[in-house]
Structures are given as C-alpha cells and as structure tokens.
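Only one structure is covered here, and it is reproduced in the block below.
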2 protein chains.
Amino acid sequence: MKATAIANANIALIKYWGKRDEKLILPNNGSVSLTLDKLNTITTVEFDKKYDKDILILDDQELKEGEELEKAIKHLDLIREISGIKELAKVVSKNNFPTAAGLASSASGFTALSLAGTKAAGKDLDQKELSILARRSGSGSAARSCVGGFVEWLKGGKEDGTDSYAVQIAPPNHWPELRMLTTIVSTVKKKVSSTAGMDLTVKTSPMYKAWLAAAAEDLEKMRKGVLNKDFKSVGKTAESNCLNMHATMITTHPSLIYWMPTTLEIIHSVLSWRDQGLECYFTIDAGPQVKIICLEKDVPELEKKLKNIKGVKKIIICKPGGGPRLTDNHLF
Amino acid sequence: MKATAIANANIALIKYWGKRDEKLILPNNGSVSLTLDKLNTITTVEFDKKYDKDILILDDQELKEGEELEKAIKHLDLIREISGIKELAKVVSKNNFPTAAGLASSASGFTALSLAGTKAAGKDLDQKELSILARRSGSGSAARSCVGGFVEWLKGGKEDGTDSYAVQIAPPNHWPELRMLTTIVSTVKKKVSSTAGMDLTVKTSPMYKAWLAAAAEDLEKMRKGVLNKDFKSVGKTAESNCLNMHATMITTHPSLIYWMPTTLEIIHSVLSWRDQGLECYFTIDAGPQVKIICLEKDVPELEKKLKNIKGVKKIIICKPGGGPRLTDNHLF
C-alpha cells in the first residue's frame, strides 16, 4: 500500500487558461507543452488504516490547512473512489524547485500523486487514464505532465471529460537541441492562484473570447511547428500566445498582473537580444518567472547575458524530458 | 505675423487608441481627458517671406529630419491652407517636461502650434474649429488640449470629421481637489511612437475589437463619474481602461510593451497602497510614466511613498488646468 513516483513539470507553449467545467476540470481551449527534464516532484503515498486523517508533507512542511491541502485530499478521495479503498493516506512530496511561483509545481506534483497514489491503491492506469485522473486534480495542467516530450492536452468535447487528456505530439528525442532556460526571479508565493485567477478571467475579462479564438489558431501553428522542428515558428507562436494570455489576465477584474519588474526586464532583454540576432523567445506562466526557449548552441551566450541581470536568482537549463515513472526510493 | 500660445498637456482617463481615418485623424473610439495645469508647451510661430524653409526649434534643438519635423511641416501647410497664406514659418517651441516619453508632449505642442499658427496667420478660430485643426495634426489627442478641465473628444460619425472635436464635460474648478501625480521614470524616447503603434494595433491585435467595445462602456461610466465627482468610479474606470489599452498593445505584432520595470513597480505599489486604504489609481499612456489619480488630502502621503521608489526620477503634482491661451511673451 506504499508507492513512489517521480514526475516532471511541463511548461506550456500554448497556454491553458479557463475551464468550461469546474468540477471535471475541462478546459476552454487545448494546450501544448514541453515536459522538462530538470524540474520534478517526487512523491510517496501510503494508504494505511493506521492513519486517522490524510497527512500531507510538502517540502518537509506538514500542510495544516489551505487550498493546496484541500485539493490534495480531494484528489486522494478520487483515487480511493476509483480504487475502491477506504484507508487514509500519508503523502510526502518534494519539489526540486520553488512551489507555487509559476513553475508548474502543481502539475508535476499532482501527476506524481496520481501515479504513486493509484499504484499504492493497487491500480495500474494506462497513460490516458492517468492523464484524465491528473486533470481532475484541480491543477488541470497535471494532465500534461503524464506524458513526456511535446504534449497536447486535447480540449475534448464530451460532457463527461473522457476525451480531454494529454497525448504525445513527439517524444523528447524528436528535438534534442531544444532548450528551455527557466529563470527564477522571485520565490514569493503568488497572491492569486492559477485556479482562482482563471475563473476570475473567464467571468470578467472583456478580452477572454478573443483569447480563445487566438489560442485555437496558435495551437494549430504550434503542432505543425513542433513536428517540423521549425524553431522560429515555435518561438514566435509561444511568445505571442503567452502575451495574449497575460493581456487577458491584465484585463481581469481585479487585474491579475503576475509580472514583476525583473520579469519585464527579461522580456525587454529577450526582445533586444533577438533584434541583435540571438534567436530566443520567452514564455511566462501565471507567475513572475520567465522561461526562455532557445537552441543548444545559444545556451552559453544566453546564460552569460542572463547572469548579468541583477534580479535573476537562478537559471535552470532544461531539455525535453520524459513522462512520470515509479521508483523504489520511497521518501519514508 | 508672429504669435505665441501656451497649451497644457492632457492625460486621458479614457484612452484614444486607433483611427478610423488616418488622413483626417478620426478616432475609432471617443476619449475623456483631464487637462493639467503644470505640464505645458509654449510655442511662437512667425510666418515671413524671409524664411526659405519651415524651421522648427524644439527645446533649443533645431529639428533637421524625422517624423516630428514632417508632422509639424504638414500642420503648418494645413494652417497656410485654411488661412490663405503662403509664407514659410519659424517655430520655436518649449516643453516644460520631457518630450515623447508618454507625457503627452505632442498634444500640448500641436495645440500651441495650432493656436499660435492660426493667430500668426491672421485667423481667429473658435474652440471647436481649433480642436478640429489640432486633431488633424497627426497627434489626435491635441484635439483635447484645446479645452480646459474635464474634456471629451467626441468620436463623431461624419466622414468629413466635422463632428469629431473636444467638448468640456466640466471646467477645472468643478473638482478642484482632484490631483494627478505624474511620475517620470524614464526620459528615453520610446521606440515606437503612438501614431505608428496604434496603426499596428488596429491591424494586428486579436484583442482590438474587445478594446473598442469596453472603451465605449468605460466612456459612459467616466462621464457620469466626473459629473458626480465620484472619485472611486473615476479612478477604477480610468485604471481598468488603461489596463485594457496596454493589454491590447501587448497583443500587437510586434508586441508593444511600453512598461518599464519601474512602471510595474509603481503599478504593484498603487494596488497594494489601495489595499491598505490609501485611495489612489494609476493610468499610463503609450510610454513608461505612471500617473496617479488621487485627492488633494492624500498627496503628501503618496509623494512620500513615491519618493521611496528608486526608479522614480521626478514627481509633478498637477491639478485640473485650463485651455490654451495667447501670450505676448514671444520666444524669439
């Protein structure tokens, strides 16, 4: 009744922002992501009748209350439901990167919880089943971390959500030269979570419909760009889609401004480096960190330039990474 | 054949972004502004047959080429056309604030040029005629600087533009406690002018239609808010309209990101001060400077807080100001 899983984070190249079903976590638009090899979560789950409540220890801290704990318990309930077990659980989870600062910690976290949890409950899910389960965690983008490489989370059309899950566009070794430089500019927890933020946007942004229409076009371009390894198209489309999402966030009431001063400094720097011939593009999730998409050959130059920006606390150089896997290295 | 005029800058509370007629400078949406008492341009125009070209001296520098010079010469041509004169002109103009950094220098500049130019050419225009002429300068918001206090630039509907000009919603003394703190965070000239920027947005932003629809609603709210001196409504509507405009700019191809790191720092500060009970709102034009809307009673506290933000180079405290006027203090 104990299992441990490791899952990688993913960074969306075409963003997910807004649900059509809040209970089943069905998205208003399809999204595309890259699973990263360097940002991961390892999670051990044990179901046992000795526990009289669900215990969650995240990065060595026991969660006593709050949205994260509630989401985790709800997800454990879902795992118990599909597995037909009743035991409560102890969960120990570690991220190798800062939590809840726009680095997709919840995606890798809920994927690892889904895989370790179902295994500990005696169930073996296939990739599609795992992705549907992870999607329902309330951190929808966890659906994508269930698959390695270049991934599309299908929007789906069915009311029951059985056709909304992640599929692989191409495996990690399809494009081994692609790099994503993840900068960390702030480790402060964001004020408004992605979950709360996207619900506000759907309800209040005058730009939301335009965002959806543009995202649908961007998704087609991105899928083609990835398959053709067309770096310019992938970079431009990712950047433009990211800007559309942030524009839509900014027009939410109250306004969601996830950018920090250093975020903006990196944005302007990337635009100016590109003007000077260094081909790189940025993407930013619901947080202040900037991820830079580039090719392997330009990593040393970019790393040097990024280190000269005062607010950049850390740079993590990622390649396309694989899907989640089980391990025997239990955390307790 | 020589005349001098002083005109105040204005800051839009409901922004103008995008034209329906590029030749007559007819806007896609109506806008509302506050004419400010502290930011002004003084301009002397002399038409004389001794000049063998139009000479423009702006802030002690003769302009030899570029968009600004071309726009000024075109405007002098228009003044000559409506006045029936042929002489070329010498124009000397001074701003008491930095040019082309999003502080509406072109609005006060072209209003002063319109008034001094027509007077020097022997014409006396009424306010409506002056506003239509200033509008056609290519810096449309100059239409608004022709009127004092709280001003609406009517969108108009006619093809010839005769119904698109500025009218007063309320005079400066309607709301003498209102203040606008203009911060200067950068005096670098912006890369993309408002004129070029708005044309790009109209052509390429997927959010532009949504911007127009929201701006029309905002305008109605703003007019009512000003007439009722409803500070909260005026502040919230101005801030939201500004964010919608910047969102639309950001989604332009190529992206127009006028914010600088300090811009964003002030935005976050204003939002947090307001959370703490200090009622203030921001608005930002096509540039990095942030203007803070507040009431007289809160100026000392806000000024103190703003001075603690490292990137703030200057703070100018403005009240509602009057329309343009002639003076005998010629600059040459």
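The values are calculated or read from the model by the stated rules, or taken from the named source; none is laboratory data. Keep in mind the model is a prediction, meaning the values are calculated, not measured. FYI the Cβ positions are ideal-geometry reconstructions off the backbone, even for glycines, and counts take in every protein chain you see. Please note that ligands, DNA and RNA were not included when accessible areas were found on the heavy atoms of the full protein model with its side chains. Shrake-Rupley method; radii C 1.70, N 1.55, O 1.52, S 1.80 Å.
Things worth noting here:
- With protein chains left intact and a 1.4 Å probe, residues in the range B:2-172 average 37 Å² of accessible area per residue.
- Chain B: relative contact order as a whole-number percent, Cα under 8 Å and 6+ apart: 26 percent
- By the rule of a second cysteine Cβ within less than 4.7 angstrom, chain B holds isolated cysteines at B:C146, B:C242, B:C318.
- For the range A:2-172, the dipole from Cβ point charges (+1 on Lys and Arg, -1 on Asp and Glu) about the Cα centre works out to 180 debye, to the nearest 20.
- Projected label distance in nm at B:M1 and B:N96, using a 7 Å step from Cα toward the beta-carbon: 3.1 nm
- Efficiency of FRET between B:D275 and B:E159 - r from beta-carbon atoms, R0 41 angstrom, step 0.05: 0.30
- Taking every C-alpha pair closer than 8 Å and separated by at least 6 residues, the mean separation divided by the residue count of the range A:2-172 gives a relative contact order of 28 percent.
- In summary, the lysines within cross-link reach of A:K297, defined as a Cα separation below 18 angstrom excluding same-chain residues under 8 places away, comprise A:K229, A:K232, A:K305, A:K307, A:K319.
- Rounded accessible area per residue of the range B:243-323, 1.4 Å, Å²: 37 Å²
- Buried area at the A:B interface is about 2100 square angstrom, summed over both chains, from accessible surfaces computed with a 1.4 angstrom probe.
- Mean per-residue shielding of peptide A:263-270 is 3, counting Cβ atoms of other chains within 10 Å of each Cβ.
- Cα-based shape type of the range A:6-74, given that a ≥ b ≥ c are square roots of the gyration tensor eigenvalues and the cut on a/c is 1.5: oblate
- Rounded to the nearest 10 Å², the accessible area of B:L154 at probe 1.4 Å: 50 Å²
- Gyration tensor (alpha-carbon) shape descriptor, the range A:218-268, a/c threshold 1.5: oblate
- For the range A:137-209 and the range B:158-237, distance of Cα centres in Å: 35 Å
- Shielding of B:199-211 by partner chains, average beta-carbon count, 10 Å: 4
- Entry note, the range B:266-332: relative contact order of 20 percent, from Cα contacts under 8 Å with a spacing of 6+ residues.
- Computed from point charges on the beta carbon alone (+1 for Lys and Arg, -1 for Asp and Glu), the dipole magnitude for chain B about its Cα centre is near 360 Debye.
- Annotation for A:K304 and A:Y51: the two label points, set 7 Å from Cα along the Cα-Cβ direction, are 5.0 nm apart.
- C-alpha long axis of helix B:67-83 to longest principal axis of chain B, angle in °: 60 degrees
- Residue of A:G157, A:G321, A:G287 that the Gaussian network model of chain A assigns the largest fluctuation, springs spanning Cα pairs under 10 Å: A:G157
- Ascending distances from the B:K209 label point to its copies in the other chains, with the point 7 Å along the Cα-to-beta-carbon line: 0.7 nm.
- Among A:P206, A:P320, A:P27, the largest mean-square fluctuation in a Gaussian network model of chain A, built with springs joining Cα atoms closer than 10 Å, belongs to A:P206.
- Counting only other chain Cβ atoms within 10 Å of each residue's Cβ, the peptide B:254-260 averages 4.
- Highest-fluctuation residue, A:S139, A:S240, A:S255 considered, GNM on chain A with Cα pairs under 10 Å: A:S255
- Per-pair calculated FRET efficiency, R0 = 30 Å: A:K38 and A:D77 via Cβ, rounded to 0.05: 0.40
- Protein accessible area in the protein assembly as shown, 1.4 Å probe - carbon and sulfur %: 50 percent
- Cα gyration tensor, the range A:178-318 - rounded (a/c under 1.5), prolate or oblate: oblate
- Distances in nm from A:D21 to the matching label points in the other copies, shortest first (labels 7 Å along Cα to Cβ): 5.3
- Out-of-range pairs (alpha-carbon distance over 18 Å; input A:K236/A:K313; B:K119/B:K155; A:K53/A:K86; A:K190/B:K304; B:K15/B:K221; A:K128/A:K155): A:K236/A:K313; B:K119/B:K155; A:K190/B:K304
- Between identical copies, the spacing of B:V188 label points, each set 7 Å from Cα toward the C-beta atom, reads 2.4 nm from nearest to farthest.
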